[in-house]
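Presented below is the structure to which this report refers.
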Amino acid sequence: MSKNLFTVVLFLTFSILTFSQPSEEPIFRVSLSDLKMTSYPKDSTANAIVLYEFGNSFVDENDYKLHTEEKYKIKIFNKEGFENATITIPLREKDNNSFDKIENIVATTYNLEGEKVTTTKLNKENIYKEKHEYYSLVKFTLPNLREGSVITYSYTTITPFMFNYKSWDFQSSIPKLYSEYCASIPGNWDYNIKLIGGKKLFINETKVKKECLRGGNGGVAHCFDAKYAMKDIPAFIEENHMTSKSNYLARIEYELKSFTQFNGVKESFTKTWEDVDKELKKEKTIGRQLAKSIKIEEILPTTILNETEPLTKAKSIYRFVQENYTWNEEFRIFRDVSVKDLIQEKSGNATVINILLKILLEETGIKTNPVLLSTRGNGFSTKLFPVISEFNYLIVQSTINNKTFLLDATDPFLSFGDLPFRCLNQYARLLDFKNGSKWIEIEPQSLSRVMYDVEMNFDEDQKLVGKVKSKRTGYHALKYKKAYYPNPAEYKENLTNNAPYLEIMDHTVTEDDVRAQDFSEVYKFEYHPENTGENIYLNPFFVKFFNENPFKLQERTYPIDFGYKDDYIYIFKLNLGEKYTVAEKPKDFRLALPSNTGEIGFSTKIMNNSVVIVMKFDFKSAMYSAEFYPYLKEYMGKIVDIQKNSLLLLKKI
């Protein structure tokens, strides 16, 4: 399965020279039908909808800056949709001479009173500018909002920053009927163009406009004119099990490859990875820090220095860094990266902690390489050409006894060879300044599993008592280690509070090491069923894997990314004794996901006056394409239903 189906790169060419005949487009003017609209048939849950939006970007030959005209028409259905009438426009500021500016803000609210249309215009004094260190925010809210209002607003932004041409979002948190963007790019600027989000363009037309821009000494440039549009665009609604929404929002983005002056001098901006490797090797916060020499005998204890077995030594160094240096919760790649400061202050960002780990491993003879990645919340990094700004994290790859490990020492609970969940973003770039960098896959090395073994019987007083044994591995174990070890008393209290029918006793955790791959616990319990007379209705799932179905959307247009594969096993054994028998039991059940990517198995057997219930299910893939969504939704729904509604009816003999 392809790991990234959502980015298409369109390289600028001048081979397509003509527009097709212009299609009939929505108009910016508000109509009576706009005002009488009460809902959107394709999405009855929408609180608002964009009826029309338009953008037009071009380089003005009077100032050689990028001008963008934008127009919006939005229908507000209810009060929950009012938030779409508060507009925030970011403006970049580099210095006093280089900054964005905004002009011609016009905004109007339209309301229908009977059959009469009323308009309320935005006053200039209600436009605010919020200053920050490197940018400003221009804000305004449309006046006289009501349920049923239609709002329009327009403005023009002007920017000297041409590295990134104006991007355009075709998709947002509310649906859109029509979104159009026109771009006129002089031939001096050559861009990579990325269409992201996997949605098809309704209009994709290009042409060359002759002599659109003139420079000094008679220089002239032709323009690449493009017109893009989408229609009937669904709202993008975030849901569980996804990476950054920036990976999937339908939009168009530009990145400058080169700029040619009118005198013919050309400057390249998009480099090869070979060029980037050379620059990073010399860069003061990456290359120079990675090349630092440390007197390891002044840092590492002699027990580690004297260790001869490579893997044992590597694990000891890894643990030493975990225990002695604290992560300050910042990622940082190109700022505040100083190994010297980390050693002195014992605290630093993720990059410098992992650089120290690399240096210590390498100084003791263990082969290592730094690895750049983009975290799940930061979005995917571009593979087709280097964009260093898209990376925000650094980890370490180590090769020991012909086996490769990916390491991150920021989390004291991580096991050797595991990465924080935030790093599970499919792929990363391994830096090798001698042999050249390359892409590598990011895949967890250990299995993530949850297992429960519950044994239950009637004691001498005919009370239901039993024992629970549970074991978690991989990322499931990591979550529970972080919950238990900092405060065992609070953990046990929460365990009791989440089991209303159980009285829990003799709770123990079998692992003493917070970095162990597993987390196992054992406890005894006494079960207090609801009073139903002589018979007992018993739900065998004292612990539930999922309390509700995480998938609730009617349709999901982006992948389901769990980050890792996992499986779940629940075994329940009940000794009925001499006074009860089973009058009713749950039905056996099986359900498989397409392409053998997951299966639920649920069965109940009665043998020798005992009941054995087994439930197993798994997710054989870490990521599922959007086409799997209805199947996963049904799959998860059935898991929740089995846990909630599987009842044993025990009848007194």
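Take the Cα coordinates of the stretch 150-212, assign each an equal point scatterer, and use the Debye formula without solvent to give log10 I(q)/I(0) at q = 0.27, 0.28 Å⁻¹.
-1.51, -1.53
May I ask you to derive the FRET efficiency for Asn240 and Thr45 from their Cβ-Cβ distance with R0 = 22 Å, giving the value to the nearest 0.05?
It comes to 0.80.
Per residue, how much accessible area does the stretch 449-603 have with a 1.4 Å probe, in Å²?
Ligands and nucleic acids excluded, the result is 53 Å² per residue.
Applying a 10 Å radius around every beta-carbon, put 585-598, 410-423, 293-306 in order of their mean neighbour count, most first.
410-423, 585-598, 293-306
What FRET efficiency, computed as 1/(1 + (r/R0)^6) with R0 = 56 Å and r the Cβ-Cβ distance, is obtained for Asn164 and Asn645, rounded to the nearest 0.05?
0.55
Whole number please: convex hull volume per residue of the Cα set in the chain, in Å³?
226
Given Cα pairs under 8 Å that are at least 6 residues apart, what percent is the relative contact order of the stretch 301-351?
Dividing the mean separation by the residue count of the stretch 301-351 yields 34 percent.
If contacts are Cα pairs under 8 angstrom and at least 6 residues apart, what is the relative contact order of the stretch 101-162 in percent?
Reported relative contact order: 47 percent.
Taking 60 Å as R0, compute the FRET efficiency from the Cβ-Cβ separation of Asn104 and Lys281 and round it to 0.05.
The value I calculate is 0.80.
Could you state the principal axis extents of the C-alpha atoms in the stretch 442-481, from the largest down, to the nearest angstrom?
Ordered largest first, the stretch 442-481 gives principal extents of 55, 15, 7 Å.
Would you please state which residues of the stretch 468-486 a label at Asp453 would reach in this model, taking the label point 7 Å out along Cα→Cβ and a backbone N cut-off of under 14 Å?
Answer for this model: 468-472.
Tell me which trypsin sites (Lys or Arg not before Pro) from the stretch 492-555 have a DSSP coil assignment and no more than 10 other beta carbons within 10 Å of their own.
none
Just the Kirkwood number for the stretch 272-428, please: inverse of mean 1/r across all distinct Cα pairs, in Å, one decimal.
Kirkwood radius, the stretch 272-428: 15.9 Å.
Determine the sum of side-chain charges near Glu70: Lys and Arg each +1, Asp and Glu each -1, restricted to other residues whose C-beta is under 12 angstrom from that of Glu70.
-2
Probe 1.4 Å, all protein chains in place: accessible area of Tyr427 in Å², nearest 10?
10
Separation between the Lys544 and Asn609 pseudo-spin-labels, each 7 Å from Cα along Cα→Cβ, expressed in nm?
Spacing of the two 7 Å Cα→Cβ label points: 3.4 nm.
Hey, in the chain, which Cys have no second cysteine's beta-carbon closer than 4.7 Å?
Result for the chain is Cys182, Cys423, no neighbouring Cys Cβ within the cutoff.
Can you find, among Asn575, Gln554, Thr604, the residue farthest towards the positive end of the dipole of the stretch 538-643? Put +1 on the C-beta of Lys and Arg, -1 on that of Asp and Glu.
The Cα lying farthest towards the positive end belongs to Asn575.
Rolling a 1.4 angstrom probe over the protein heavy atoms, how many square angstrom per residue are accessible across the stretch 242-355?
Solvent-accessible surface per residue comes out at 54 Å².
Across 5 Å bins from the origin, how do the percents of Cα pairs in the stretch 91-234 run, short distances first?
All Cα pairs considered, the percentages come to 2, 7, 12, 13, 16, 17, 14, 10, 5, 2, 1, 0, 0.
Evaluate the distance, in nm, between pseudo-label points positioned 7 Å from the Cα of Leu35 and of Lys207 along their respective Cα→Cβ axes.
3.7
I want to check the label-to-label distance for Lys346 and Lys129. Put each point 7 Å from Cα in the C-beta direction and report it in nm to one decimal.
Between Lys346 and Lys129, the label points sit 4.8 nm apart.
Rounded to two decimals, what is Rg over Rh for the stretch 579-653 when you use alpha-carbon atoms and the Kirkwood radius?
Rg divided by Rh gives 1.11.
In the stretch 94-153, carbon and sulfur make up what percent of the accessible area (probe 1.4 Å)?
46
What lysines does Lys295 reach when the alpha-carbon gap must be under 19 Å and sequence neighbours fewer than 8 apart in one chain are set aside?
By straight Cα distance, Lys295 reaches Lys313, Lys340, Lys346, Lys358, Lys367.
Take the Cα of Phe433, step 7 Å along the line toward its Cβ, and report every residue of the stretch 268-311 whose backbone nitrogen sits under 15 Å from that point.
274-294
Normalising by the residue count of the chain, find the relative contact order in percent from Cα pairs under 8 Å and 6+ residues apart.
Answer for the chain is 9 percent.
If you take the alpha carbon radius of gyration of the stretch 347-467 and divide it by 2.2 N^0.38 Å, what ratio comes out, to two decimals?
Cα-based Rg divided by the globular estimate yields 1.51.
With the Cα gyration tensor of the stretch 109-185 in hand, give its eigenvalues times 5 under a square root as the equivalent ellipsoid semi-axes, listed largest first in whole angstrom.
The answer is 29, 19, 12 Å, longest axis first.
Per the Kirkwood treatment, what hydrodynamic radius in Å, one decimal, follows for the stretch 208-282 from the mean inverse distance over all distinct Cα pairs?
It works out to 17.3 Å.
The values are calculated or read from the model by the stated rules, or taken from the named source; none is laboratory data. Note that the coordinates shown come from a computational prediction; the quantities given were computed from them, not determined experimentally. All Cβ positions, even for glycine, are placed from backbone atoms using ideal geometry, and neighbour counts span all protein chains on display. Accessible surface is based on the protein model in full, side chains and every heavy atom, while ligands, DNA and RNA are left aside. Shrake-Rupley method; radii C 1.70, N 1.55, O 1.52, S 1.80 Å.
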